[in-house]
Amino acid sequence: MTDDLLAAAPAPGGELVVVLDFGAQYSQLIARKIREQGVYATLVPGDTPTQRLAAMSPRALVLSGGPASVYDEGAPTVTPDLFDLGVPILGICYGQQLMAHILGGKVEPGHQREYGRTALTIDAADGVFAGIESPTSCWMSHGDRVVEPPEGFRSLAHTAHSPVAAMGNAERRFYGVQFHPEVRHTPFGPRLLRNFLYDIAGCEGRWNPDVVLEEALPRIRERIGDGRVLCGVSGGVDSATAAVLVDRAVGDQLTCMFIDHGLLRQGEPESVIAFFTERFGSRFVAVDARERFLAALAGVVDPEEKRRIIGETFIRVFEEESSRLGDFQFIVHGTLQSDVIESGPRSAATIKTHHNVGGLPADMRLTNIEPFRHLFKDEVRRLGLRLGLPEEIVWRQPFPGPGLAIRIIGEVTAERLEILRAADAIVREELEAAGLEREISQSFACLPIIRSTGVMGDGRTYSYPIVIRAVETADFMTADWVRLPPEVLERISTRLVNEVSGVNRVLYDITSKPPATIEWE
Ligand code: XMP
């Protein structure tokens, strides 16, 4: 059972923007970029009935992009009464096409795909474009295009291939843009969103991390009452912030537990134990479950199966260990919005099950407290800083719950863990020495279980390769591979083959997300 603390919370000050999700990879980013402007935004499925939307009393609606064409059979759509709510609407990409299609404009299918950075000329520098200089550039990704705006609308901007790159009906407060204001390749995107939120929709900007604290603390106290709570900590920012937040809410009722599943990076268990022992004293318990996880993973190759086993073993160990400590009713998780969306049934495509969500067994006896289910990583980081967490925890690169198990592409064994741990430590050391650690959103080593021939000294080797992965991302939903300097790659490569026995080849992953994911599994 999940206690959806912040989901149930009303939007701060009643100021809510609802983003209707038509399946774009960027939908979450839209919500996040709106929140960065100080307005709480939440994502709902594109087919949410108009009545339900009306009941949420949104200040504005945003229609997201999506992969469909309005002419596709079964294309996601909204009922026309959505446009009678009297609420300002911003349509983005597919959202603009849908708006044009339903309100009587003309959408031309599959004309010529416009993709990437595109020059944009603004024809009406008011409304959403107020204060934005023309010409400028924007990020495009579409096949269909609006060629005639609906009655009452005028075209506000154009590009070489989009005669209606933006349109607006100032009276009804409806706007549409063909480009993506939410991605950073549209430099004026934040300003455009701000214009829409503040000037068009009349928002006041009541969302910030202090509001989260104000909202969350009384809710957590009320939910937990005088019950006892366990919090699993991993050393990452999500669980650490969750622990400190719940500690602030209920103090002594909270006990933190660290389960060493043997899938962490070199030196991590030691530093987690040191930090939490100092902070929580006897309310912190460390459990060594390395053997148990390794045994449970024996013979398992399928990534989803690994996640399921790790998630289940994790909770079982938690339950057993906690029952030794007395009676607990609640368990805290640092689950984020992005974990929920990627694992959720409503997402555009179930990409992978994050172990702290999909891996939970159905018969769990403890009630989940997930205070960050509706927060994005950067919001949790800001909150962590507010709560006084040290910078090294707040800015630590994210590390997946199933740990090194999903970076061994094949069966997990003690020997392979040892190889990967040593390789990963070298990658981290060299990136840090080159001053790149903080610039890179996530970097690591990965061990695919294939072997290739090499030669070392006078002898033939037949060993594993190590794949280096380094990506830059704002939201972990999309990511670019990092152009690492060749001399850094060279140093890493030399050290890996010389220092890690069992490795004779080094590869660098030059795939972005999409189409690849950040992790290999
Ligand atoms: P992907 O591989 O989906 O990763 O592009 C996006 C981000 O999520 C992390 N990740 C996980 N985190 N449990 C987690 O707690 C998981 O099962 C899991 N799988 C991926 C990944 O490291 C990246 O930061």
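Size descriptors for region 48-149 (Cα atoms only): Rg and Dmax, in that order, 14.8, 40 Å. Note on the chain: Cα-only Rg and Dmax are 24.9, 80 Å. For the chain, excluding the exposed loop sites themselves (chymotrypsin sites (Phe, Trp or Tyr not before Pro), DSSP loop, at most 15 other Cβ atoms within 10 Å), the longest remaining stretch covers 72-394. Once all protein chains are placed together, E499 keeps about 110 Å² accessible to a 1.4 angstrom probe. Between V506 and I466, the built amide H atoms are under 5 Å apart, and every one of these is 5 or more places off in sequence or on another chain.
The average projected area of region 409-508, computed from the convex hull of its Cα atoms over all directions, is 6.9 nm². Stokes-Einstein diffusion coefficient for region 209-394 at 10 °C in a medium of 1.306 mPa s, Rh from the Kirkwood formula over Cα pairs: what value in µm²/s? Estimated diffusion coefficient is 93 µm²/s.
Taking every C-alpha pair closer than 8 Å and separated by at least 6 residues, the mean separation divided by the residue count of region 9-200 gives a relative contact order of 20 percent. Summed over the residues of the chain and divided among them, the accessible surface reaches 41 Å² per residue at a probe radius of 1.4 Å. For the chain, the antiparallel share of DSSP beta bridges with both residues in that region comes to about 45%.
The ellipsoid equivalent to the alpha-carbon distribution of region 360-414 has semi-axes of 27, 20, 10 angstrom, derived from the gyration tensor eigenvalues as √(5λ) and listed largest first. Both numbers refer to the Cα atoms of region 9-200; Rg and Dmax are 15.0, 45 Å. For region 34-88, the Kirkwood hydrodynamic radius comes to 12.7 Å, computed from all pairs of different C-alpha atoms.
Counting only protein heavy atoms and a probe of 1.4 Å, the accessible surface of the chain is 49% carbon and sulfur. Judged by the gyration tensor of its Cα atoms, with axes a ≥ b ≥ c, region 469-521 is prolate; a/c meets the 1.5 cut and a/b is the larger of a/b and b/c.
Note on region 219-297: Kirkwood radius taken over Cα pairs, Stokes-Einstein applied at 37 °C and 0.692 mPa s, translational D equal to 247 µm² s⁻¹. Look at the alpha carbon pairs under 8 Å that are at least 6 residues apart: their mean separation over the length of the chain gives a relative contact order of 12 percent. Counted over region 9-200, the DSSP beta bridges are approximately 55% antiparallel.
What's the whole-number percent of alpha carbon pairs in region 159-276 lying beyond 17 angstrom? For region 159-276, the fraction of Cα-Cα distances above 17 Å is 72 percent.
Write out the GluC sites (Glu not before Pro) in region 99-200 meeting two conditions: DSSP loop, and at most 15 other Cβ atoms within 10 Å of their Cβ.
Taking region 99-200 and a limit of 15 other Cβ atoms within 10 Å, the loop GluC sites (Glu not before Pro) found are E133, E151, E171.
Checking every one of the GluC sites (Glu not before Pro) in region 215-285 against DSSP loop status and a limit of 13 other Cβ atoms within 10 Å picks out no site at all.
Taking all protein chains as shown and a probe of 1.4 angstrom, K106 keeps an accessible surface of around 110 Å².
The values are calculated or read from the model by the stated rules, or taken from the named source; none is laboratory data. Just so we're clear, the structure is a prediction, and the values are computed from it rather than from any experiment. Reconstructed Cβ throughout: ideal geometry from the backbone, glycine too, with neighbour counts over all protein chains shown. The accessibility values were calculated without ligands, DNA or RNA, using every heavy atom of the protein model including side chains. Shrake-Rupley method; radii C 1.70, N 1.55, O 1.52, S 1.80 Å.
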